[in-house]
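I have placed the structure first, in the form of structure tokens, so that the comments after it can refer back to it.
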Amino acid sequence: MAEDRSEVLQSAAYAALKPSGKRALHVIEDALSRSGDGVAISLNQFLALGLCPTAARYGVKQCERVGLVTVNTGPRRVHVFMMADGWKSISADEAARRMALARQPMQRAKPVKPPKLVKVPKPVPVEPPRTMRRQVPSLPRLSFMD
């Protein structure tokens, strides 16, 4: 492990890490040295070791992008971390490109809103058209009206 650690410290991938990535990697390596092959670390454990939530997430994202660790989703919002050797094949230019990708905000899926229901208008009764009738006087014509 000591030889691997010195190789990691001299690699282009480690040189490209920001301080939050280096701190997150240190936390992961420390937990791995105590347990073995894979270790489950929650966000609360990162917070207990002095990282703020944003720095922890950003640091883990950096380490994963440059190939230093692999992250698998574990039970109960805990991630399982394992050391990876993808960093060995990364050049300085590639590490810088991957760091630029790690800095970009994650694309969050916008919640799909259900379409608004359109109210169907109530049917309006339509009257038949009125026709003009010839007006007939109600009283008979009287003789003096002539």
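The values are calculated or read from the model by the stated rules, or taken from the named source; none is laboratory data. Keep in mind the model is a prediction, meaning the values are calculated, not measured. Note: ideal-geometry Cβ built from the backbone for every residue, glycine included; neighbour counts use all protein chains shown.
Values for this structure:
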read-out	value
Residue among 96, 48 that alone is without any contact (Cβ under 8 Å) to a residue 40 or more places away in the chain and under 29 Å from the mean Cα position of the chain (by Cα)	48
Any hit, the range 49-57, residues being at pLDDT 85 or above and among the hydroxyl-bearing types (Ser, Thr, Tyr)	yes
Test for residue 134: is it charged (D, E, K, R), surrounded by fewer than 10 Cβ atoms within 10 Å (Cβ to Cβ) and assigned to a loop (DSSP other than H, G, I, E, B)	yes
First in the range 102-125 and closer than 30 Å to residue 21 by Cα, second anywhere and aromatic (Phe, Trp, Tyr) and at pLDDT 85 or above, Cβ under 9 Å, 6 or more apart	102/58; 103/58
Where a residue in the range 13-29 is among the aromatic types (Phe, Trp, Tyr) and modelled with pLDDT under 90 and its partner, wherever it lies, is crowded, with 20+ Cβ neighbours inside 10 Å and not in a helix (DSSP H, G or I), with Cβ under 9 Å and at least six apart	14/66; 14/68
Residue list for the range 1-59, restricted to those being among the β-branched types (Val, Ile, Thr) and in contact with a Leu (Cβ under 9 Å, 6 or more places away or on another chain)	8, 27, 28, 39
Complete set of residues in the range 58-77 that are among the charged types (D, E, K, R) and at pLDDT 85 or above	61, 64, 65
